[in-house]
Amino acid sequence: MAQRNTLAHFLHDAGLAAWFGGTLMGAVGVNGAAADVDDPRQRARVANAGWARWTPVNALAIGAHLYGGAQLLKANRGRVAVQQGVLANTNVKFALTAAALGATVYSRVLGKRMQAAGDVPVAGGTDSLSTTPPEVAKAQRQLAALQWAIPALTGGILVSSSLHEEQQRGSEVIKGTIKALPNTIGTAISGAAGAGYVKARDAVHS
């Protein structure tokens, strides 16, 4: 009987959902709402305060997602090795996750940089004014791109995860394993031939 991984699935999926949904809400809600503050010097403070409150929750969600994903990978390492398409999808998921992590960390660095600048006039959480200090305006331009890049990357992880779920169907496992058989057999034959060559060479020179 196949082992159940309910907790790992929950941590993986719930963590990813919070990561994706929280950053999307922040881009639309937190950064957008900051522009409605009357005093231009308080807009950045409002946006920074919102993101600062979300950061610990987001870090916990990311940690849960990574831990759950590691447990699922461990449980499915056999399919990754022998089922055609699973390894490629896993590699894509790794790349998207690494990119999303990098973008998330850098966006927080930029947020800290804005926070350190104090109460400077801005148009919104990611929009500057002509009176905005250049270093803050630069950080806002970068944040304007990252606020959409992170949901896009985590959305890509969701797509990859959905494909993984499809690849776990019994029919997909059988089909992918059969398709991978020629490569698997070829690798095994090559390995055996190589080992035989080494053994014969050693016997000749002994």
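Things worth noting here:
- Single condition Arg141 does not satisfy, out of (1) surrounded by 16 or more Cβ atoms within 10 Å (Cβ to Cβ); (2) assigned to a helix (DSSP H, G or I): (1)
- Leading residue by the ranking (most open to solvent (accessible area, probe 1.4 Å)) among those in region 110-123 that are free of Cβ contacts under 8 Å to residues at least 24 places away in the same chain and more than 24 Å from the chain's Cα centre (by Cα): Ala116
- Enumeration of residues in region 40-53 that are more than 12 Å from Thr104 (Cα to Cα) and in contact with a helix residue (DSSP H, G or I) (Cβ under 7 Å, 6 or more places away or on another chain): Arg43, Ala44, Val46, Ala47, Asn48, Gly50
- Selection from region 68-86 of residues that are closer than 15 Å to Val159 by Cα and among the hydrophobic types (A, V, I, L, M, F, W, C): Val86
- Filtered residue count, region 137-155, keeping only those that are among the β-branched types (Val, Ile, Thr) and farther than 17 Å from Lys112 by Cβ: 1
- Elements of type helices (runs of 4 or more DSSP H) contained in region 1-109, each with 3 or more residues being touching a strand residue (DSSP E or B) at 6+ places or on another chain (Cβ under 8 Å) and open to solvent by 60 Å² or more (accessible area, probe 1.4 Å): none
The values are calculated or read from the model by the stated rules, or taken from the named source; none is laboratory data. In this text, all values refer to a predicted model and were calculated from it rather than measured experimentally. Cβ sites come from the backbone with ideal geometry, for glycine too, and all protein chains shown count toward neighbours. Surface accessibility is based on the protein's heavy atoms, side chains included, excluding ligands, DNA and RNA. Shrake-Rupley method; radii C 1.70, N 1.55, O 1.52, S 1.80 Å.
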